[in-house]
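What follows is calculated from the coordinates using simple rules that are stated; it is not laboratory data. No experiment lies behind these values; they were computed from the predicted model shown. Reconstructed Cβ throughout: ideal geometry from the backbone, glycine too, with neighbour counts over all protein chains shown.
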Amino acid sequence: MKQSGVTVRVFVSVDKSSDGTEQWVEDLTKKEPRVVLLKTGQVFGGAAANFFRLLREMCLDEFDYFAFADQDDIWQSEKLHRAHLQMRLHAVDAYSSNVTAFWPSGRRHVIKKSQPQRQWDHLFEAAGPGCTYVVKQALARELQSVARTRGELLTGLTFHDWFCYAYARSHGYAWYIDDYSGLMYRQHNANQFGANAGWRPMVRRMKQVWSGEAFAQLRLMVDAVGLPATHPVRAMLSGGALGLIKLALQSYRCRRKTSEQFVFCVSCLFGAVRSTSCRPSQVR
């Protein structure tokens, strides 16, 4: 709430729990009129469903900008004001930034997401952690409309922030990724996804590729953002092993970071091998 240069209203959606969170937030609303607690008692089971609920139910009429916030990160006091200034400077519809991950041990690590955007990177990765996102009202309204009218398409998505970035870029909205860390990104055992730094996340991703989960998420994403049937990425994702080999050769268009372009290429080739090793009835 201690943001300089901006007026803030905080809407809170609480996943049903037994740790007293609902009561704590309700008590806070009595002391702090800028905090609004949405109806409690629902079970969402994950961050994406909870944030999509916020999108559906918020009234956006009186706000110029909309931002996501996780409950345990530490924002720099100028975070939102800088986002506003950078959006005006670069004439864009949405903003995100780097973050500084930190652990209870005292370890810190800047997570850089501000590499140059690629033609299709939005279809394969987010624009950084969702807690850095700030979008203008017009884009927020369109995202809200999608969440309200096509909610069934969003149900299977694991990443709400990736969807927002993918939808915005797919529909012609301009997005700026700032080479600046606007918040301290808390890491602990309860993180649903976390910083994705190091070899363990890479191993997890390869397991998702081999199981088919990663490509299932990609297909859900292109459906959710309304990618046309003529789009090359949709064609490659539905083209079996040959389509994935073609996608591997386009890795430089699909990820912003050079090292991740290599990992993406290898992942697509793994996916191609997997699709040929499955019985025909197993391949979607």
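Taking amide hydrogens as placed 1.01 Å from N in the peptide plane, the amide H of PHE159 sits under 5 Å from that of no residue at least 5 positions away in sequence or on another chain. Close amide H pairs (under 5 Å, H built 1.01 Å from N) link VAL10 with VAL35, VAL36, residues at least 5 positions away or on another chain. For the range 130-140, backbone phi angles converted through the Karplus equation (6.51, -1.76, 1.60; θ = phi - 60°) give residue-by-residue couplings of x, 5, 9, 6, 9, 10, 5, 4, 4, 5, 4 Hz, Gly and Pro being listed as x. The calculated FRET efficiency for ARG107 paired with GLN3, based on their beta-carbon distance and R0 = 30 Å, is about 0.65. Across the range 35-122, the relative contact order, built from alpha-carbon pairs under 8 Å that are at least six residues apart, equals 12 percent. A simple spin-label model places the labels of GLU62 and VAL10 1.8 nm from each other, with each point 7 Å out along Cα-to-Cβ.
Backbone geometry of the range 86-103 corresponds, through the Karplus equation with coefficients 6.51, -1.76 and 1.60 at θ = phi - 60°, to 3J(HN,Hα) couplings of 5, 5, 5, 4, 9, 6, 10, 9, 8, 9, 8, 8, 5, 9, 10, 6, 9, 10 Hz, x marking Gly and Pro.
Only Cα pairs under 8 Å and 6+ residues apart enter the sum, and on that basis the relative contact order of the chain stands at 20 percent. Computed over the range 1-49, the percent of Cα pairs more than 18 Å apart is 36. Using the rule -39500 (n - 2.57) for each DSSP H run of four or more residues, divided by the residues of the chain, the 222 nm mean residue ellipticity is -13000 deg cm²/dmol. The ranking of ASP223, ASP161, ASP179 by Cβ neighbour count inside 10 Å, starting from the fewest, reads ASP179, ASP223, ASP161. The gain in end-to-end length when the ALA174 to ASP70 segment is fully stretched comes to 35.1 nm, 0.36 nm per residue minus the alpha carbon separation. Computed from backbone phi with θ = phi - 60° and the Karplus coefficients 6.51, -1.76 and 1.60, the 3J(HN,Hα) list for the range 264-273 is 4, 4, 4, 4, 4, 5, 4, x, 5, 5 Hz; x is used for glycine and proline. The trypsin sites (Lys or Arg not before Pro) of the range 76-160 that meet both conditions, a loop assignment by DSSP and at most 10 other Cβ atoms within 10 Å of the site Cβ, are ARG107. Remark: for residue pairs LYS30/LYS113; LYS2/LYS113; LYS30/LYS79; LYS16/LYS136; LYS112/LYS136; LYS136/LYS246, the C-alpha separation exceeds 28 Å in LYS30/LYS113; LYS16/LYS136; LYS136/LYS246.
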